[in-house]
Amino acid sequence: MNYEDLYQSLLPDEKSVKDSVAVLQKLSKNIAKETESGDLKYLSRDLDSLAQTAAALSDTIERLRTNVDAFDSRAYFESGDFAAQMLDICREMELDVQGEFPVYEMFPYRIRLDVENQDIYMDKKRIQCMRPSSFMNTVKTGQDKLQKAHFNAQSFSGELAEAYDLAILKQNRQRGSDMYLTTLYKLMAPMSRFRKDYNLQSFSFDIARLYAEFINGMNETKSGRRFDFGPTRYNRKAIRILDANGKEQFLATIRFMND
């Protein structure tokens, strides 16, 4: 199955609906003037035209409904056709995607296909969409908007440093020790209700933007504390990001140092 086939079959009748509605609007205005002026001759003519146009519109609507009802949206999701076409479009648009049906990551979004209800979840936002290309345009628009959004690297690194200091105290570690980024995230969003507004994906995106600044030479907080990122032997502890060139990187730890 492919929604594009249904889309192409709907286009002619979609145009017919648009044209019929335009005619109905014009006739409605004419009828209003004719009833006001008492022009019964033209009023009778336009009423006949109105009835004919309405009947044609009703036939068009029935054809549209028949075609739409014949499209098995549940099978489209269950068969994996929607997902396969979505991934093909990802490749065409050169968008990064990871994961397996029905859960994917399109950094920084987590995408879940809800087969039971034929819905798509982009993080927590539910999207009702049967057209893969339309959904991918939504993802791309969201990614572009996030990239253009203001980001204060100095402010974020300062907040990260505060969480780092708290983690050092809680774990009784030496200053300058590497701390897992996931540990700092839990301290920055300690309660579940906070994590709804600032989930791990959002945190990862902020880390990606901070990492971009780090690569460009920014390695100090506003207060002058130097910081550095570190890897880990345990990939499950790492945060996957895309760098400024769109290449994936795995960051696990960070450390802040006092000169």
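The values are calculated or read from the model by the stated rules, or taken from the named source; none is laboratory data. Computed from a predicted model, the values in this text were never measured in an experiment. Positions of Cβ are generated from backbone atoms using ideal geometry, with glycine treated the same way; all protein chains shown enter the neighbour counts. Areas reflect the complete protein model, heavy atoms only, side chains present, ligands, DNA and RNA absent. Shrake-Rupley method; radii C 1.70, N 1.55, O 1.52, S 1.80 Å.
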Can you list residues whose amide H is under 5 Å from residue 110's amide H, if they're 5+ apart or on another chain and H is modeled 1.01 Å from N?
-> 123
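Taking 29 Å as the cut-off for C-alpha to C-alpha distance, list the pairs among 170/196; 15/41; 145/186; 145/196; 26/145 that go past it. Please list the in-between numbers first.
Values: 170/196 25 Å; 15/41 31 Å; 145/186 26 Å; 145/196 20 Å; 26/145 41 Å.
In this structure, 15/41; 26/145 exceed 29 Å between Cα atoms.
First check a/c for the range 154-259, with a ≥ b ≥ c the square roots of the eigenvalues of its C-alpha gyration tensor; if it is under 1.5, answer rounded, and if not, answer prolate when a/b is larger than b/c or oblate otherwise. Please report the intermediate quantities before stating the final value.
Working: a/c = 1.33, a/b = 1.05, b/c = 1.27.
Since a/c stays below 1.5, the shape of the range 154-259 is classed as rounded.
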For the chain, which whole-number percentage of the solvent-accessible area (1.4 Å probe, protein heavy atoms only) is attributable to carbon and sulfur atoms?
-> 48 percent
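Can you give the Rg to Rh ratio for the chain, taking only C-alpha atoms and Rh from Kirkwood? It would help to have the intermediate numbers written out before the result.
Details: Rg = 28.1 Å, Rh = 22.9 Å.
With Rh from the inverse mean 1/r over Cα pairs, Rg/Rh is 1.23.
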Projected-area mean, the range 1-98, by convex hull of Cα positions, square nanometres | 8.9 nm²
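Could you work out the local net charge near residue 124, counting Lys and Arg as +1, Asp and Glu as -1, over the other residues with Cβ closer than 11 Å to its Cβ?
Numbers: positive: 110, 112, 125, 126, 195, 196; negative: 123, 197.
Result for the local shell: +4.
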Specify the angular offset, from 0 to 90 degrees and rounded to the nearest 10, of the alpha carbon long axis of helix 153-171 from the longest principal axis of the alpha carbons in the chain.
-> 50 degrees
Which is farthest toward the positive dipole end of the chain among 134, 224, 146, measuring Cα position about the Cα centre, with Cβ charges +1 (Lys, Arg) and -1 (Asp, Glu)?
-> 224
Which of 112, 173, 131 moves the most in a Gaussian network model of the chain with Cα springs under 10 Å?
-> 173
Per residue value of the accessible surface for the range 92-151 (all protein chains in place, 1.4 Å probe), Å² = 60 Å²
Assuming a viscosity of 1.567 mPa s and a temperature of 4 °C, what translational diffusion coefficient in µm² per second does Stokes-Einstein assign to the range 75-155, Rh being the Kirkwood radius over Cα pairs?
-> 98 µm²/s
So what's the back-of-envelope 222 nm ellipticity for the chain, counting only DSSP H runs of four-plus at -39500 (n - 2.57) apiece and dividing by all residues, rounded to 500?
-> -19500 deg cm²/dmol
Formal net charge of residues neighbouring residue 1 (Cβ-Cβ distance under 13 Å; K, R +1; D, E -1) | -3
Inter-part gap, Cα centre of the range 23-101 to Cα centre of the range 132-211, in whole angstrom, is 44 Å
With springs only between Cα atoms under 10 Å, which of 116, 162, 213 fluctuates most in a Gaussian network model of the chain?
-> 116
